[in-house]
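This report concerns only the one structure given below.
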Amino acid sequence: MKILFFLRYSRDQASSRVRGFYIAEEIKKRGIDCDIIFGYGKKVYANFLLKFINYDIIYFQKRYTGIDLKLNKLARFMGKKTIFDIDDAPGGVSLNSTAEEIAIQMMKYSSAVIVGSYKLLDFAKKFNRFTYLIPSSINLDYYKPKKEKKDKDCIKLGWIGNGINYKNDLLILIKPLEKIGGKYKIKLTIVGALGQKEIYESFGKIKKVKVEIIDSIDWANPMAVPAAINDFDIGLYPLLNNTYNQYKCGFKALEYMAMGVPVLASPIGENKFVIENEIDGFLISKGDEWVEKLSYLLENKGIRKKMGNVARKKIEEKYSTEVCTDKLMNIFNKI
């Protein structure tokens, strides 16, 4: 079996890093011939045309342009098996109807479809009955909790992600933080503001809460995200209930959990399947619940530790790169 991964992004984007590079590297460890092409442009597509003929399975990760659809059709015509992998709303961040239609066509023409959430599973099954759910996995070679933390004199709340896409979701935290700011010695760290003025201005106004905003990190460095999360005592994952977020695959929650950090998250998208409420985290529906559950965790170090340990165990058993690669290999063998 020879597999060609055709990825949307380079390693600095979580989607391709996790669902492409890490999976391909795990497959290579198992002695299977595997190669990767990523990005866009004439040289990239020329490289694809030169290589694809030598592979049995072509894995299109989150690629849905008109050219990608033509290449999918070409690969099928040449007798190749193709897989379309998607882990976000079919129309992208902007819910573009043209992009969604191409995504649907990619699903129809592919030998199988791999999705990252139950919402996407229901959507994709309408167009391809060979649709399978494989979560965005955690590479445990990099996500290793360490006991040593900075800022031992306060409890650290943390958020990490793409501030451009999440700036409105983050604002959910403003009022709850204002309410608890004077009661507890806490620090909020936001990693990934990416120059968004709204984030700097809104969180800079919160009184009695120490706020640290890290604009960006070296996302391509596999140790950068785990190192940032390791310093969190509580991981925050607020989401607005909108169409785009309903397709979210819960990867931020998985990253927190992998580092043994209890999660407070909105019950939107895959979060409600990833997090077992009150066991390895809390699912928060209303503003008052953010205050209530934050206060509970802030006051109970033992509960934070217990939840974090349970969360880590769940990742090891169900969401590791090795476990998810096993599932993917079974699908490869089926097709």
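The values are calculated or read from the model by the stated rules, or taken from the named source; none is laboratory data. Small disclaimer: the values here were computed from a predicted structure and weren't measured. Using ideal geometry, Cβ is built from the backbone for each residue, glycine included, and neighbour counts are taken over all protein chains shown. Surface accessibility is based on the protein's heavy atoms, side chains included, excluding ligands, DNA and RNA. Shrake-Rupley method; radii C 1.70, N 1.55, O 1.52, S 1.80 Å.
Side notes on the structure shown:
- Residues satisfying the stated conditions in segment 92-110, i.e. open to solvent by less than 20 Å² (accessible area, probe 1.4 Å), free of Cβ contacts under 8 Å to residues at least 24 places away in the same chain and part of a loop (DSSP other than H, G, I, E, B): Gly92
- Of the residues making up segment 191-210, those that are surrounded by 18 or more Cβ atoms within 10 Å (Cβ to Cβ) and either part of a strand (DSSP E or B) or of a type in the set (A, V, I, L, M) (or both) are Val191, Ala193, Ile199, Val209.
- Matching residues, segment 45-80, being in a loop (DSSP other than H, G, I, E, B) and of a type in the set (Gly, Ala, Ser): Gly79
- Residue check, Gly269 on the phi > 0 side of the Ramachandran plot and either touching a Ser or Thr at 6+ places or on another chain (Cβ under 7 Å) or without any contact (Cβ under 8 Å) to a residue 24 or more places away in the chain (or both): yes
- Criterion: of a type in the set (Gly, Ala, Ser), over 19 Å from Val274 (Cα atoms) and in a loop (DSSP other than H, G, I, E, B) - qualifying residue of Ala227, Ala220: Ala220
- Some residue of segment 215-224 being among the hydrophobic types (A, V, I, L, M, F, W, C) and buried (at least 20 other Cβ atoms within 10 Å of the Cβ): no
- Set Ser117, Ser136: member being closer than 21 Å to Asn230 by Cα and open to solvent by less than 10 Å² (accessible area, probe 1.4 Å): Ser136
- Leu240, sole failed condition from (1) at negative phi; (2) touching a strand residue (DSSP E or B) at 6+ places or on another chain (Cβ under 6 Å): (2)
- Looking only at segment 155-190, and only at residues there that are in contact with a Gly (Cβ under 7 Å, 6 or more places away or on another chain) and part of a strand (DSSP E or B), the one that is farthest from Leu298 (Cα to Cα): Ile160
- Qualifying residue in segment 111-128 (condition: assigned to a helix (DSSP H, G or I) and either under 19 Å from Ile217 (Cβ atoms) or of a type in the set (Lys, Arg) (or both)): yes
- Some residue of segment 230-238 being without any contact (Cβ under 8 Å) to a residue 24 or more places away in the chain and either buried (at least 24 other Cβ atoms within 10 Å of the Cβ) or of a type outside the set (S, T, N, Q) (or both): no
- Taken over segment 72-104, residues that are over 27 Å from Ser137 (Cα atoms) and among the hydroxyl-bearing types (Ser, Thr, Tyr) amount to 2.
- Among residues of segment 1-29, those that are more than 22 Å from the chain's Cα centre (by Cα), modelled with pLDDT of 95 or more and surrounded by fewer than 21 Cβ atoms within 10 Å (Cβ to Cβ), counted: 3
- Residue within segment 23-44 that is more than 29 Å from Ala224 (Cβ to Cβ) and part of a helix (DSSP H, G or I) present: yes
- Residue check, Asn242 over 30 Å from Asn96 (Cα atoms), surrounded by fewer than 18 Cβ atoms within 10 Å (Cβ to Cβ) and either modelled with pLDDT of 95 or more or more than 17 Å from the chain's Cα centre (by Cα) (or both): no
- Of all residues in segment 152-171, those that are open to solvent by less than 50 Å² (accessible area, probe 1.4 Å) and either of a type in the set (Ser, Thr, Tyr) or over 20 Å from the mean Cα position of the chain (by Cα) (or both) total 4.
- If you go through segment 150-168 and keep only what is among the charged types (D, E, K, R), touching a residue at least 24 places away in the same chain (Cβ under 8 Å) and over 20 Å from Met257 (Cα atoms), you end up with Asp151, Asp153, Lys167.
- Where helices (runs of 4 or more DSSP H) fall wholly inside segment 260-335, the ranges with 3 or more residues that are open to solvent by less than 30 Å² (accessible area, probe 1.4 Å) and either farther than 30 Å from Ala112 by Cα or aromatic (Phe, Trp, Tyr) (or both) are 287-299, 301-314.
- When the criteria are applied in full, Glu289 meets the requirement of being within 19 Å of Trp159 (Cα to Cα) and without any contact (Cβ under 8 Å) to a residue 24 or more places away in the chain.
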